[in-house]
Amino acid sequence: MLEARSRAWAEIDEQAIVHNLAEVQKLVGKTKIMGIVKANAYGHGDVACARVLADAGVDFFGVSSVDEALNLRDHGITQDILILGYTPPEHFHYLYEKNLVQSLCSYAYAQKLNDFAGAHHQVIRAHCKVDTGMNRTGVIYQPQEKHMDEILAEYRLPHVHTEGIFSHFPVSDDLQEDSRTFTERQIRLFQEVLNGLQEQGIDPGIRHIQNSYGILNYGDLGMDYCRPGLLWMGVTSDDTIPIRSDPDFIPVLSLYANVSVVKTIQPGMTVSYGRHFTAERPTKVATLSIGYADGLPRLVSNQGWEVLIHGHRCPQIGNICMDQLMVDATEVPDVQEGDTACLVGTQNGQRVTIDEISRKAHTINNETLSALAARVPRMKKRGK
């Protein structure tokens, strides 16, 4: 892949990453930050961003899979890495060979890890996952069913070193009473587990429970780590969701594409597959060299989504194609082939956001960002 600002590319503002980390730190006090860089750092570039985070003092990373962890290790990331998801048994050996920390998806899974490590005369590092209400992975510990015995058993496995414990919030982004009550109950349940371990003479180790909205809405819970993903990237899942705090985040990612063709079509002429846009006036159509294979959701086609060209907002028209899309550039006086269109970011004092794309696609920024394709090069932001 050519590392060039041609066709389509993203720019990553490394100074904004450092700024956003400081904003997160203000919200959580002395709690340390575990940098979540799964899914290629939500499309931002996991290795490059992890290096910036590490230089800024982050000493723990979270990823989804052993593949992602190995990619960081292969590129020189030496800090601790927690695998938040499932590692299949055929890959267990990487856990001790590469000094990785595995989350315990269940007690049965922990036993399988223990048997493997024992057979190979190794000890595997792990964090106990407590299911306080997400009902995804982890040992269930909820009012209806509490498996404290399994949590204690995970800490007592001879070949698995359970050196931390965590849980996860499903509705920390919702400030309605029912969701607040649910999240606050999760915090109490997690603390109950911690107390239960300590009563048995067991040090729970590293404690962490807060995801991004847990940080924004619940502040300093006195844990050892928090787990921001989008926050260090300078965005939330949806900028219309109310939050209890007022951080000064700077979006890290900008997205650009070149104008490849400009043509004027007449009333009655149509644009793109399906002919879903029909010109009602002489219309200057600019074709941009980016499409759904680059990660733009085709769902935003003909939904009024706008990009910037020379700082002018240009509505997208016609169905988005695999490698190209078209916009109405009638109001842009001097648009021509080779111009830069800004799809996310700031141009000539005007701004377009990732939230605008996500809303038109009826999704959240987590999905929109992580869908950005590998063929879009991630470049350092150019100086002003």
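The values are calculated or read from the model by the stated rules, or taken from the named source; none is laboratory data. Because the structure is a prediction, the values reported are computed rather than measured. Here the Cβ is made from the backbone with ideal geometry for all residues, glycine too, and neighbour counts use every protein chain on show. For the accessible areas, the whole protein counts, side chains as well, though only heavy atoms, and no ligand, DNA or RNA atoms are used. Shrake-Rupley method; radii C 1.70, N 1.55, O 1.52, S 1.80 Å.
The table below gives the values:
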item: For the chain: relative contact order, % (alpha-carbon pairs under 8 angstrom, 6 or more apart); result: 19
item: Extension gain, Arg281 back to Glu367 (0.36 nm per residue minus Cα-Cα distance, nm); result: 27.4 nm
item: Förster radius 35 Å - calculated FRET efficiency between Asp115 and Gln198, Cβ distance, rounded to 0.05; result: 0.80
item: Against the rule of thumb 2.2 N^0.38 Å, how large the Cα Rg of the chain comes out; result: 1.12
item: R0 of 35 Å, Cβ-Cβ distance Arg375-Asp149: FRET efficiency to nearest 0.05; result: 0.10
item: Rel. contact order, % - alpha carbon contacts under 8 angstrom, at least six apart, the stretch 295-384; result: 29
item: For the stretch 35-79, size of Cβ-based charge dipole, Lys and Arg +1, Asp and Glu -1, in debye; result: 40
item: Net charge contributed by nearby residues that have their C-beta within less than 10 Å of Ser358 (K/R +1, D/E -1); result: -3
item: Per-selection metrics, the stretch 1-144 (Cα): Rg and Dmax in Å; result: 17.4, 57
item: Shape of the stretch 337-378, Cα gyration tensor, a/c cut at 1.5; result: oblate
item: Dipole magnitude (debye, nearest 20) for the chain, charges at Cβ of Lys, Arg, Asp, Glu; result: 740
item: GNM top mover of Gln79, Gln303, Gln266 - the chain, alpha-carbon springs below 10 Å; result: Gln266
item: Accessible area per residue in Å² at 1.4 Å probe, computed on the chain; result: 44
item: Estimated Rh, the stretch 100-249: Kirkwood, alpha-carbon pairs, angstrom; result: 16.3
item: The stretch 271-384 shape via C-alpha gyration tensor axes, a/c threshold 1.5; result: oblate
item: Isotropic mean projected area of the C-alpha convex hull, the stretch 206-275 (nm²); result: 9.1
item: For the chain: lysine pairs under 28 Å (alpha-carbon distance), excluding those fewer than 8 apart on one chain; result: 27
item: Residue-averaged 222 nm ellipticity for the chain, from DSSP H runs of 4+ at -39500 (n - 2.57), nearest 500; result: -8500 deg cm²/dmol
item: Percent RCO, i.e. relative contact order, over the stretch 256-325, from Cα pairs under 8 Å lying at least 6 residues apart; result: 34
item: Tilt relative to the chain, helix 177-199 - C-alpha long axis, 0 to 90 degrees, to 10; result: 30
item: Anisotropy class of the stretch 214-255 from Cα gyration tensor, a/c 1.5 cut; result: oblate
item: Tilt relative to the chain, helix 46-55 - C-alpha long axis, 0 to 90 degrees, to 10; result: 60
item: Relative packing of 233-244, 208-219, which averages over residues the other C-beta atoms within 10 Å, highest first; result: 208-219, 233-244
